[in-house]
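Reading through the structure tokens given below for one structure.
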């Protein structure tokens, strides 16, 4: 079982589900530098458990597709069954049109091909998605 790592960032927590711990640590540092906290899961079961535990604090979920125990599509489906207000971003090296289409149809906010973007650019993109999502959710509260 993977050991989750948690570092709270002033209510701006990101759940990162990825089996490569070196990548998680690298991306985690980039996200922390932008003021985000990180919860890391190295398998799909841990990711969904952590989502249930911290869903009131999580602002975004980043998940790979290929994970031990439960894949990223299963994670996306479980989260979408609970809420549509938290963005889920697929972060993978799989550059497959069918996977991209499936992720979008299931409600993924974005599909990032990890090998085509730097860690810093992933962090900036995540920050932008969270900001956009927060604005949309605020508008929903006042309408």
Any chance residue 90 is surrounded by 15 or more Cβ atoms within 10 Å (Cβ to Cβ) and part of a helix (DSSP H, G or I):
no
Pick from 47, 30: which is part of a helix (DSSP H, G or I) and in contact (Cβ under 8 Å) with a residue 60 or more places away in the chain?
30
Scan the range 33-44 for residues that are modelled with pLDDT under 95 and assigned to a helix (DSSP H, G or I) and jot them down.
33
Just checking, does the range 103-111 include any residue being at pLDDT 95 or above, at positive phi and either surrounded by fewer than 19 Cβ atoms within 10 Å (Cβ to Cβ) or outside any helix (DSSP H, G or I) (or both)?
yes
Selection within the range 50-84 - assigned to a loop (DSSP other than H, G, I, E, B), over 12 Å from the mean Cα position of the chain (by Cα) and touching a residue at least 40 places away in the same chain (Cβ under 8 Å):
57, 66, 67, 68
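The values are calculated or read from the model by the stated rules, or taken from the named source; none is laboratory data. For clarity, every value in this text was computed on a predicted model and none was experimentally measured. Please note: Cβ atoms are built from the backbone with ideal geometry, for glycine as well, and neighbour counts cover all protein chains shown.
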